[in-house]
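This report concerns only the one structure given below.
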Amino acid sequence: MPERRPFVRLPTDVYPVNYGLRLKPDLIDFTFEGKLEAAVEVTQGTNQIVMNCADIDIITASFVPEGGEEINATGFNYQNEDEKVTLCFPSTLQKGSGSLKIDFVGELNDKMKGFYRSKYTTPSGEIRYAAVTQFEATDARRAFPCWDEPAIKATFDITLIVPKDRVALSNMNVVDRKPYPEDSSLVEVKFATTPIMSTYLVAFVIGEYDFVESQSSDGVTVRVYTPVGKAEQGKFALEVATKTLPFYKDYFNVPYPLPKIDLIAIADFAAGAMENWGLVTYRETALLIDPKNSCASSRQWVALVVGHELAHQWFGNLVTMEWWTHLWLNEGFASWIEYLCVDHCFPEYDIWTQFVSADYTRALDLDALDNSHPIEVDVGHPSEVDEIFDAISYSKGASVIRMLHNYIGDEDFRKGMNAYLLKFQHKNASTEDLWECLEQASGKPIAAVMNSWTKQMGFPIIVVDQEQHGSDRVLKISQKKFCASGPRNDENCPNWMVPISICTSEDPSCTKMKVLLDQPETTVNITNVASDHWIKINPGTVGFYRIQYSSAMLESLLPGIRDLTLLPVDRLGLQNDLFSLARAGMISTVEVLKVMEAFVNEPNYTVWSDLSCNLGVLSSLLSHTDFHEDIQEFIRDLFTPIGMKLGWDSKTGEGHLDALLRGLVLGKLGKAGHKATLEEARRRFKEHVEGKQILPADLRSPVYLTVLKHGDSTTLDTMLKLHKQADMQEEKNRIERVLGAIPAPDLIQRVLNFALSEEVRPQDTVSVIGGVAGSSKQGRKAAWKFVKDNWEELHNRYQGGFLISRLIKLTVDGFAIDKMAAEVKSFFESHHAPAAERTVQQCCENILLNAAWLKRDAEDIHQYLLQRKAPPV
């Protein structure tokens, strides 16, 4: 590992109070001119000012002390590595107020960070560029010299000088718009003064957009800006946003602090969205919904992302983390409450069950690795900050907050949140500050409990055994760290403070008992439990841990899967725990396959979705063997009954979840080569392409996937044609994600080349390459070779950012031979990707785990799959 660079935060002898900022972007030459006039306080005499600055050339700088003479800076020393500039002055700047003036120029880059250009096509087919921003975490310094740290808050007065036929937006409302004296084709747009805020939340957008507008019940103007001609597609997000603002106002008991909020779709955008205060930016697919061409999962995604970004307007923007170490608090919290908000707007989504599959299990998988990290990470240099935007900060963060909310109870939780927001509004806070407010509201030892979940990495596996004593059930419960590579006997094993709930078959939805496990083991006595009743730990699958039951306890729980007496979320959790125990070598994978067969009556979408995910992992693992076809048959057998029951066409009275389930099941059957499904998919695809019968949006992914998986060059040509014709980014992405399913090696190569072509937006290249790697053994090899061969271009494209980590993970995570881990490791030793360092280590660990799993269980799995088919003797 390269040495960590010593990192120093900015000196505090000069700090900003207000930034007066004028920017004039040139949308043809991709440059911009800027003028900064900042009101600053000098706290102790100094002859230099140190600020953040990257890829900006300062032309002149001067300081005017209040009521004094202007002092011109005599030198600018750029420390490019540290993204700082030191302005040197010939005499000492005295303690007191003053004004810092800087004239500078910069470039509108194409790296999707800082002040950058985003390519779009006008309705008439002309290519143009918008100028947009993405500052989190450390890229405001690419747009103007500033004190670019979250705790150095100030107010902002922004003026943009732009072509008069363009829309210009910023955090605040426009207060003045007048012709620009030096050029009649430009206008000067002045925005209202912002509240006190952090630099990473400043934003501006200059481009061509339409919008839809509404007013929330509490009087905030909400607008959704869309590409020209697509205003209709902003209506769904507008509806969600107008419902969400009052929901949060009510939940936090603090009003939204700005007069307006804009949500805008940006063509080239690296993240899903960014919560800039009052001007939230989104990928088109995270904001735009077309009633005819958008599928149910897209609507759900938009609802969640809107809920997430609007939560940040309070939690993050009004109260901001003191330093990036506490980023998780921002992201974990917003990733939890987005579900609360969607549940409020769309109860029919059963979104909390989906949380378990989407966030909770994902976080458990990553956090079981030796190369995981604690939720709270000490970060310094900007390249380290990028790295913590991962599933630990978001998904584990959200999962432990869900556990905390459950432990405290909603009423006290809200009371504590309100106290926190009021105490720290317009200021900065740390994790400890929130614990203190919640502790005061609830009277529970919040800091003590939560520190074990945020300051140490990993989580426990809870081992449970039972004895019946008369009418009492006595449970023996112990904890130890869960490791993806199986149990360890470490002397200094960490402990957690584990809130444990227990229910019985008498009422599976009701918690019978709660205990806080704060030592390695304990005994719990539950009264009045009949000997034929089962006991379940962690009802609702809320606690962030895995469970290993004694075999007798597990046996008694399994009928609850078949007869559905266990809640959906608990059926899911039970199966998911067993699958991860098998991967860790603590039970045999065959045991899990037997449990999976018990899900044959399963009606719940999310339970199927999680099963499907795990079978996908297994199928990918077994692609390294010569019996890959046998696991496909297992998948076909498991999914056929539900597939038959659902059929291809939606029935009256069906809802959101039925649409999701049908898409999932048909895609699974089609991919696994289920004959009837494949034939029907081909028939419907043909009609769709010929324009006879357009496929409903919810069936497109499964149909596209199926025909490609069993397709040839004609199929690929047709799909690429559909991609070119698609007007919606959602449809383009839908196609991009499945192209990798094509089986022939020469066609796989075509798909990989297509990924880097002009046809694919830069942020979407990653999912095309990932689709190739995830679809077959050949695809995996080809994708990895492609990434190595095109490393310079790919790294240059996504340098820093989390897209590079995602690319690496998608490409190499599926290998299962020890020597591949060595190859990946050595490639990245000679090709540095600082922002993906931890990802590379996690991938190498995963490859070794896969290899061990295969060695351990492949033969048993093969035997089981064979005897399943053998005629009974």
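The values are calculated or read from the model by the stated rules, or taken from the named source; none is laboratory data. As the structure is a prediction and not an experimental result, all values here were calculated from the model. Cβ sites come from the backbone with ideal geometry, for glycine too, and all protein chains shown count toward neighbours. Remember, those area values only see protein heavy atoms, side chains included, never the ligands or the DNA or RNA. Shrake-Rupley method; radii C 1.70, N 1.55, O 1.52, S 1.80 Å.
On a 0 to 90 degree scale, rounded to 10, what angle separates helix 431-442 from the longest Cα axis of the chain?
Result, in degrees: 60.
Between ASP637 and LYS594, what is the label-to-label distance in nm when each label sits 7 Å out along the Cα-to-Cβ direction?
1.4
One-quarter of the Cα convex hull surface for the range 371-512, in nm²?
Details: hull surface 48.3 nm².
Average of the hull's projected areas for the range 371-512 equals 12.1 nm².
Fully extended, how many nm does the chain gain between LEU866 and SER757 (0.36 nm per residue separation, minus their Cα-Cα distance)? Walk me through the intermediate numbers first.
Numbers: separation 109, 0.36 × 109 = 39.24 nm, distance 4.46 nm.
Extra length from LEU866 to SER757 when fully extended: 34.8 nm.
Name the GluC sites (Glu not before Pro) in the range 785-873 that are in a loop by DSSP and that have at most 11 other C-beta atoms within 10 Å, would you? Don't jump to the answer; show the numbers that get you there.
Numbers: sites: GLU792, GLU793, GLU823, GLU829, GLU837, GLU845, GLU859; in loops: none.
Answer by residue number: there is no such site.
Answer with one residue from PRO508, GLY470, CYS493: the one whose Cα lies farthest towards the positive end of the charge dipole of the range 459-563, charges on Cβ with Lys, Arg +1 and Asp, Glu -1.
CYS493
Just to make sure I understand: if all protein chains stay in place, what is the order of MET820, MET497 by accessible area at 1.4 Å, largest first? Provide the component values of the computation, followed by the final result.
Working: MET820 20, MET497 40 Å².
The ranking, largest first, comes out as MET497, MET820.
Under the 0.36 nm per residue contour assumption, what length would be gained going from the current alpha-carbon distance of PHE211 and GLU555 to full extension?
Working: separation 344, 0.36 × 344 = 123.84 nm, distance 5.75 nm.
Between PHE211 and GLU555, full extension yields an extra 118.1 nm.
For the range 388-488, give the magnitude of the charge dipole about the Cα centre (Cβ charges: +1 Lys/Arg, -1 Asp/Glu; no others), in debye to the nearest 20.
280
Taking Cα atoms, how many degrees apart are the long axis of helix 605-622 and the longest axis of the chain, rounded to 10 and kept between 0 and 90?
Computed tilt is about 80 degrees.
Would you mind computing the Rg to Rh ratio of the range 322-455 from its alpha-carbon coordinates, Kirkwood style for Rh?
Result for the range 322-455 is an Rg/Rh of 0.96.
Given H placed on each backbone N at 1.01 Å, which residues far from CYS146 in sequence or on other chains put an amide H within less than 5 Å of it?
It is ASN52, by chain and number.
Can you tell which of GLY96, VAL212, HIS831 lies farthest toward the positive end of the dipole of the chain, using +1 and -1 charges on the Cβ of basic and acidic side chains (Lys, Arg; Asp, Glu)?
Most positive-ward Cα: VAL212.
Filter the trypsin sites (Lys or Arg not before Pro) in the range 661-726 down to the DSSP loop ones having no more than 12 other Cβ atoms within 10 Å, then list what survives. Write down the numbers at each step before the final one.
Values: sites: ARG662, LYS668, LYS671, LYS675, ARG682, ARG683, ARG684, LYS686, LYS692, ARG700, LYS709, LYS721, LYS724; in loops: LYS692.
Loop-located and lightly packed - LYS692.
Measuring from label point to label point, each 7 Å out along Cα→Cβ, what is the SER91 to ASP370 span in nm?
Taking the two extended label points, one gets 6.3 nm.
Using helices alone, what [θ] at 222 nm do you get for the chain, with -39,500 (n - 2.57) per DSSP H run of 4 or more residues, divided over all residues and rounded to the nearest 500?
Values: 28 runs with 358 residues, N = 873.
Helix-only estimate at 222 nm: -13000 deg cm²/dmol.
Using amide H atoms built 1.01 Å from N in the peptide plane, name the residues 5+ places from PHE211, or on other chains, whose amide H lies under 5 Å from its own.
THR226
Sorted from largest down, give the three principal axis spans of the alpha carbons of the range 496-547, whole angstrom values.
The Cα atoms of the range 496-547 stretch 31, 22, 15 Å along the principal axes, largest first.
With labels modelled as points extended 7 Å from the Cα through the Cβ direction, what inter-label distance (nm, one decimal) is found for ASP465 paired with THR527?
2.7
Place a +1 charge on the Cβ of each Lys and Arg in the chain and a -1 charge on the Cβ of each Asp and Glu, then give the dipole magnitude about the Cα centre in debye, rounded to the nearest 20.
Details: 89 positive and 118 negative charges, 310 e Å.
That gives the chain a dipole magnitude of about 1480 debye.
Over the C-alpha atoms of the chain, what are the Rg and the largest Cα-to-Cα span, Dmax, in Å?
Reported Rg and Dmax, both Å: 28.1, 102.
Report, to the nearest 10°, how far helix 296-312 tilts away from the longest principal axis of the Cα atoms in the chain, using its own Cα long axis and a range of 0 to 90°.
So the inclination is approximately 50 degrees.
Would you kindly calculate the mean projected area, averaged across all directions, of the convex hull enclosing the Cα atoms of the range 452-573, in square nanometres? It would help to have the intermediate numbers written out before the result.
Working: hull surface 31.0 nm².
It is 7.8 nm².
Report, to the nearest whole %, how much of the accessible area of the chain belongs to carbon and sulfur atoms, 1.4 Å probe, protein only. All intermediate terms of the calculation are to be shown ahead of the outcome.
Working: 16870 of 33390 Å².
Percent of accessible area from carbon and sulfur atoms in the chain: 51.
Normalised by the residues of the range 711-872, what does the relative contact order come to in percent, with Cα pairs under 8 Å and at least six apart?
Working: 178 pairs, mean separation 26.8, N = 162.
Answer for the range 711-872 is 17 percent.
Principal axes first, then extents: for the Cα atoms of the range 730-818, list largest minus smallest coordinate on each axis, whole Å, largest first.
33, 29, 20
Under 8 Å for C-alpha pairs, at least 6 residues apart: give me the relative contact order for the chain, rounded to a whole percent. Please list the in-between numbers first.
Numbers: 1710 pairs, mean separation 64.4, N = 873.
After rounding, I find 7 percent.
Given the protein chains as shown and a 1.4 Å probe, how many square angstrom of HIS832 are accessible, to the nearest 10?
Counting only protein heavy atoms, HIS832 exposes about 110 Å² to solvent.
Defining a contact as two alpha carbons under 8 Å apart and six or more residues distant in sequence, what relative contact order in percent does the range 459-563 show?
On the way: 187 pairs, mean separation 36.1, N = 105.
Rounded, it is 34 percent for the range 459-563.
Going out from 0 in 10 Å bins, what whole percent of all Cα-Cα distances in the range 437-504 drops into each bin?
The distribution over the range 437-504 is 16, 37, 30, 16, 1, given as percents.
To check you understand DSSP bridge types, tell me what percent of the beta bridges within the range 1-207 (both residues inside) are antiparallel, rounded to 5.
Working: 71 of 78 bridges.
Bridges in the range 1-207 that DSSP calls antiparallel: roughly 90 percent.
Evaluate the charge dipole of the range 1-207 about its Cα centre and quote only its size in Debye, nearest 20, assuming +1 on the Cβ of each Lys and Arg and -1 on the Cβ of each Asp and Glu.
On the way: 22 positive and 29 negative charges, 104 e Å.
With only Lys, Arg, Asp and Glu charged at Cβ, the dipole is about 500 debye.
Please state the shape class of the range 711-872: rounded when a/c is under 1.5, otherwise prolate if a/b exceeds b/c and oblate if not, all from the C-alpha gyration tensor. Before the final figure, lay out the partial values.
Details: a/c = 2.40, a/b = 1.18, b/c = 2.04.
Verdict is oblate for the range 711-872.
Tell me the per residue accessible area of the chain using a 1.4 Å probe; a whole number in Å² is fine. Could you put the intermediate results ahead of the total?
Working: 33390 Å² over 873 residues.
About 38 Å² of surface per residue is accessible.
Calculate the length of the line joining the C-alpha centroid of the range 48-126 to that of the range 506-553, in whole Å.
Each part's Cα centre sits 60 Å from the other's.
Looking only at Cα atoms, what is the convex hull volume of the range 46-172 per residue, in Å³? Each step should come with its number before you reach the end.
Values: hull volume 18.1 nm³, N = 127.
Hull volume normalised by residue count: 142 Å³.
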